[in-house]
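Worksheet: the structure to be examined is printed underneath.
Read-outs throughout are calculated quantities, based only on the coordinates presented, and are distinct from any laboratory measurement. Keep in mind that what you see is a predicted model, and the values were worked out from it rather than measured. With ideal geometry, Cβ positions are generated from the backbone for all residues, glycine too; neighbour counts draw on all protein chains shown.
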Ligand code: ASP
């Protein structure tokens, strides 16, 4: 058994957190490859080291004195080193970083030092080999992640090394300069290492015990999802549920490597298992509920629209020409409705209306704003009759008016549109019927 273990910033924010991580790694022989993030927040209101690095570099780039800011960052690391009683000094590393900041090595380089330095500490603490991600993770000339080259170099390297620490979040461009993934990108590094090392499980350790069925800011103490498929996860993440970086499943989705989300502060919890497919029946009909606020809808009405070839295409072209992406598009016989992000739409509202008039000469165009979309997601819905019936009766009982319904033909999700002010009420009603009363 071989595992990659990735630890998020809050799991590595202090010496105390490092000790918990050390105990987790030592508890299982199989935890051979470790991917650390940069130190995160130690308490609410604290600053992540990555943000300190971005801030410090912004000052350096303007040619101003950044020595004190960089000292503040070194202090964060020194506190961890002292707390762990390690025989390690990062002075030399910080001299190099100081010089590179002065020479404007770039904000990606700056941010990447957060995981690089944490990786050095972690390797020293565990007695594992340190592998600089710049030597094994590559981007192409256009700055896209180079999957083929990375996998070739990294798997050859890991074959020879039994236990290693590979810092998350960054890699190298063809000219050797440093490039990072987008924020939260250490999750991706974990997947990349999991694929190259052909591990059995990718454990992603964070500060929650997995994915919750619904947002804990709306539902008090929601249940955790035990197992979720990549597809379900994609639907829920798209709708705003965040625990894992959205792209983290791509490197391993074809490898059949499950991701196990675990909690560093509650290692006994099993967390959530993310898998390609499973015959494990979900405990509830639905796997999860997620939603987003701030949508607008544009309803276009025209008698006999359905017999007009190219009608939809012409309408959609207007949105494309104005750079507005479309979220959902339910339609009736003589109407079609387009859901868009309100903030994107507001700026171009009048151009879009004029464009639609010119393109298809509708009878009327109706706009509605302050709408929310809620996705009810679950592989279990396929096998059960009446799920949509239960969705709508729950919402009706909660006095929520449903503005739109969209069920994908995969039967994996039902999306409903409601007013923003009904958003939380609707989520509570749905959670109640599917989870609390377990219908
Ligand atoms: N440290 C980086 C960030 O704050 C990357 C990561 O933690 O995954 O976004």
What is the Å³ per residue value for the convex hull set by the Cα atoms of the stretch 114-228?
-> 141 Å³
Of the residues 179, 231, 348, which exhibits the maximal mean-square fluctuation in a Gaussian network model of the chain defined by a 10 Å Cα contact cut-off?
-> 348
Round to the nearest 0.05 the FRET efficiency obtained for residue 346 and residue 410 when R0 = 45 Å and r is the Cβ-Cβ distance.
-> 0.90
Folded to 0 to 90 degrees: helix 342-360 orientation relative to the chain principal axis, Cα = 40 degrees
Can you tell which of 171, 119, 22 shows the greatest fluctuation in a Gaussian network model of the chain with Cα springs below 10 Å?
-> 22
Length gained when the stretch residue 155-residue 182 is fully extended (0.36 nm per residue, less Cα-Cα span) = 7.4 nm
Proxy reagent accessibility, fewest Cβ within 10 Å first, across 324, 218 = 218, 324
Share antiparallel - DSSP beta bridges, the chain, percent rounded to 5 | 65 percent
In degrees, nearest 10, range 0 to 90: what is the angle between the Cα axis of helix 91-102 and the longest Cα principal axis of the chain?
-> 50 degrees
Globularity ratio of the stretch 310-396, using Cα Rg and 2.2 N^0.38 Å | 1.35
For the stretch 1-142, what D do you get in µm² per second when you plug the Kirkwood radius from alpha-carbon pairs into Stokes-Einstein at 4 °C and 1.567 mPa s?
-> 82 µm²/s
Please give the helix 15-27 orientation as an angle from the longest Cα principal axis of the chain, in degrees from 0 to 90, rounded to the nearest 10.
-> 90 degrees
Sorted from largest down, what three extents in whole angstroms do the Cα atoms of the stretch 179-264 have along their principal axes?
-> 40, 28, 26
Per residue, the convex hull volume that the Cα atoms of the chain enclose (Å³) = 174 Å³
For the chain, what does -39500 (n - 2.57) per DSSP helix run (n ≥ 4), summed and divided by total residues, give at 222 nm, in deg cm²/dmol to the nearest 500?
-> -11500 deg cm²/dmol
For 335, 50, what ranking results if the residue with the fewest other Cβ atoms within 10 Å of its Cβ goes first?
-> 335, 50
Going from the fewest other Cβ atoms within 10 Å to the most, one would list 421, 328 as 421, 328
